[in-house]
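Below is one structure, written out as structure tokens; comments come after it.
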Amino acid sequence: MQFQGANMLRHLLLNFSRIHIWSAVGILLDQTSRHFVKKKPKSFRSIGGEDKISELSDDLLVHILFLVPTKDAVATMILSKRWRYVWTKVPKLTYPAESNVTLVIGGLLGRLLDRLFGKSDKQERFIDKSLQVHKAPVLELLHIELGPRRLDDVDVGKWIANAIDHRKVRELCFMLTWSAEPTSLPKSLYTCETLVSLCLSDKILIDVPSLACLPSLKGLRLSFVVYKDEDSVVRLLSSCPILKSLVVDRHHQDNVIFFNINVPSLEYLSYDYVKLGAQNEGIVGTLVIDSPVLKKIFITDYSGDFCSFENKPRLDKAKINLLHYPDNKFMRSLSSIMCLELILSVATLAWLNAITFSRLIECKLIILNELEYWLEPLMSFKRLEKELPISWNQPSSVPECLSNHLEIFEWKGYRGRREEKEIMRYILANSKCLKRVGVFLRSTNKDKTMKELESMSRVSTSSHLIFSTQVEYMSVNNEVMSD
């Protein structure tokens with residue numbers, strides 16, 4: 001059944017504005033049509049627009065506008081007096097980067113927004129005024145992305161203070177990519193009782209007061225921010241008693257050498273530090289992780305910093321990409337891992353062979369070196385010698401993780417060379433629990449290579465062999481990957 005109010009909403013928005021209006025509103029309003037009796041269609045002028053839209057409750061209208069971008073929600077104010085302030089009750093405000101250069105709105109809508117917000121081609125003015133007019137008692141989400149130009153006459157900290165002090169914000173994401181110096185945020189940010197999720201990115205200075213307390217915060221992301229000092233890192237993390245998820249992206253100018261993560265409640269950690277430039281060259285830093293209930297960890301660290309675990313956690317999943325040799329505590333923590341993803345290099349193999357994996361059921365390896373340099377040390381699980389072999393020799397004993405646990409084996413970039421055939425035969429002949437073998441072929445003669453693989457003996461009679469683009473595999477961070 002066609003709902004005439006839905007058609008009117010779509011046409012009015014398209015006629016009065018140059019904004020690309022979302023289709024979601026039309027779809028959602030169409031779905032409500034079953035609640036209304038179909039009447040003979042009339043022209044927009046004869047309908048007037050007020051009666052049909054007025055039949056929708058405020059709660060329904062607010063729910064609809066919650067699903068669309070803020071600039072589109074604001075655009076509905078032109079429909080009628082009934083709609084003028086509905087958007088101000090929506091508990092979500094989003095200002096993405098793509099609308100930061102200029103907000104071009106013409107016609108009647110442009111004049112209305114100019115009257116309400118001032119010159120509407122100034123994004124900072126739009127953010128400032130829409131925050132002032134907004135009436136929702138609780139702000140579920142505030143997402144602001146600004147840059148790259150500097151806003152000389154706008155206090156961005158005022159927006160954050162407004163959301164914290166007057167809107168009881170629960171989820172806050174603030175990304176500042178301008179070219180000016182990093183800016184501090186209001187101290188009240190670090191004592192907000194309602195924040196559940198916090199994301200701070202780029203030109204933000206983390207200056208945490210001594211009395212910081214974030215009692216509700218469960219998710220924290222710090223991406224390429226600058227810290228006032230190392231104590232600010234400690235104070236921020238120690239102020240989060242129920243923090244479950246932490247994502248840290250670092251750069252070499254963040255003012256921190258010793259990065260300590262002491263969060264007893266932490267279950268998920270992603271840490272990415274790709275050190276670039278000559279600054280701090282020769283200075284070796286430290287990453288210390290003290291989170292006894294940690295279950296998932298994803299580390300990429302090219303800095304050469306020292307890495308250590310305290311209070312050995314019982315990890316389930318890990319993705320490790322290190323250029324240095326971790327300490328014994330770090331390696332012992334990995335020994336209980338169930339799902340492991342490794343970026344293999346000479347440095348990785350050097351410490352990998354010192355670990356006994358007691359629970360490993362899934363292992364994904366990404367090879368950075370030539371095949372001949374990693375086959376033997378990997379399969380033998382012995383310490384890597386100074387001179388690596390140029391060919392693979394069958395180890396004297398079969399690793400337990402291979403014979404009694406391996407269920408899925410995938411090889412990307414298989415060429416069918418002699419050494420590759422040898423390692424494939426060995427795995428197929430000794431993996432008793434194997435269920436699936438996926439092979440991404442890079443051979444010039446794929447038909448011949450597939451026949452060779454199919455003819456190899458498999459100790460697991462229930463295993464399946466899948467070739468090329470038929471394979472999809474799940475990485476340890478639950479992302480589906482395919483060739």
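I'm checking my understanding of the structure. Among residues of the stretch 314-326 that are surrounded by 19 or more Cβ atoms within 10 Å (Cβ to Cβ) and not hydrophobic (A, V, I, L, M, F, W, C), which one is nearest to the chain's Cα centre (by Cα)?
LYS319
State whether one or more residues within the stretch 255-274 are of a type in the set (A, V, I, L, M, F, W, C), in a loop (DSSP other than H, G, I, E, B) and closer than 20 Å to ASN311 by Cβ. Quick ask: steps written out before the conclusion?
To start, the set of residues in the stretch 255-274 that are of a type in the set (A, V, I, L, M, F, W, C) comprises 256-259, 261, 263, 266, 269, 274.
Going one step further and asking which of them are in a loop (DSSP other than H, G, I, E, B), we end up with 256-257, 263, 266, 274.
Subsequent filtering for residues that are closer than 20 Å to ASN311 by Cβ retains 263, 266.
Scanning the stretch 255-274, I find at least one residue that is of a type in the set (A, V, I, L, M, F, W, C), in a loop (DSSP other than H, G, I, E, B) and closer than 20 Å to ASN311 by Cβ, so the answer is yes.
Considering only residues that are acidic (Asp, Glu) and over 17 Å from SER457 (Cβ atoms), look in the stretch 398-446 and name the one that is least open to solvent (accessible area, probe 1.4 Å).
Checking each candidate, the answer is GLU419.
Just one of (1) open to solvent by 20 Å² or more (accessible area, probe 1.4 Å); (2) under 22 Å from the mean Cα position of the chain (by Cα) trips up ILE261, so point out which.
(1)
If you take the residues in the stretch 337-349 that are open to solvent by 10 Å² or more (accessible area, probe 1.4 Å) and at pLDDT below 85, which one is nearest to the chain's Cα centre (by Cα)?
ILE343
Limited to the stretch 287-309, what total is found for residues that are at pLDDT 90 or above, polar (S, T, N, Q) and closer than 14 Å to ASP327 by Cα?
0
Which members of the stretch 351-375 meet the condition of being in a loop (DSSP other than H, G, I, E, B) and at pLDDT below 65?
If the condition is that a residue be in a loop (DSSP other than H, G, I, E, B) and at pLDDT below 65, then LEU368, ASN369, GLU370, TRP374 are the ones that fit.
Return the residue satisfying two criteria in turn: it lies in the stretch 301-313 and is of a type outside the set (Gly, Ala, Ser) and open to solvent by less than 30 Å² (accessible area, probe 1.4 Å), and of such residues it is nearest to LYS244 (Cα to Cα). Write out each step before concluding.
Start the filter on the stretch 301-313 by keeping residues that are of a type outside the set (Gly, Ala, Ser), which leaves 301-302, 305-307, 309-313.
Subsequent filtering for residues that are open to solvent by less than 30 Å² (accessible area, probe 1.4 Å) retains 301, 305, 307, 309, 313.
Values: ASP301: 22, ASP305: 25, CYS307: 21, PHE309: 17, PRO313: 14 Å.
For the stretch 301-313, the residue satisfying everything is PRO313.
Limited to the stretch 52-98, what total is found for residues that are open to solvent by 10 Å² or more (accessible area, probe 1.4 Å) and assigned to a strand (DSSP E or B)?
Going through the stretch 52-98 one residue at a time, the tally reaches 2.
Which members of the stretch 206-218 meet the condition of being among the hydrophobic types (A, V, I, L, M, F, W, C) and open to solvent by 40 Å² or more (accessible area, probe 1.4 Å)?
LEU211, CYS213
Restrict the check to the stretch 158-180 and report whether at least one residue is under 21 Å from ASN255 (Cβ atoms), assigned to a loop (DSSP other than H, G, I, E, B) and of a type outside the set (S, T, N, Q).
yes
If ASP249 satisfies every condition in (1) among the acidic types (Asp, Glu); (2) part of a strand (DSSP E or B); (3) within 30 Å of HIS166 (Cβ to Cβ) but one, which is the exception?
With respect to (1) among the acidic types (Asp, Glu); (2) part of a strand (DSSP E or B); (3) within 30 Å of HIS166 (Cβ to Cβ), ASP249 is out only on (3).
The values are calculated or read from the model by the stated rules, or taken from the named source; none is laboratory data. All values reported here derive from a predicted model rather than from experimental measurement. Positions of Cβ are backbone-derived with ideal geometry, glycine not excepted, and every protein chain shown enters the neighbour counts. Ligands, DNA and RNA are stripped out before the accessible areas are found, and what is left, the full protein with its side chains, is counted by its heavy atoms. Shrake-Rupley method; radii C 1.70, N 1.55, O 1.52, S 1.80 Å.
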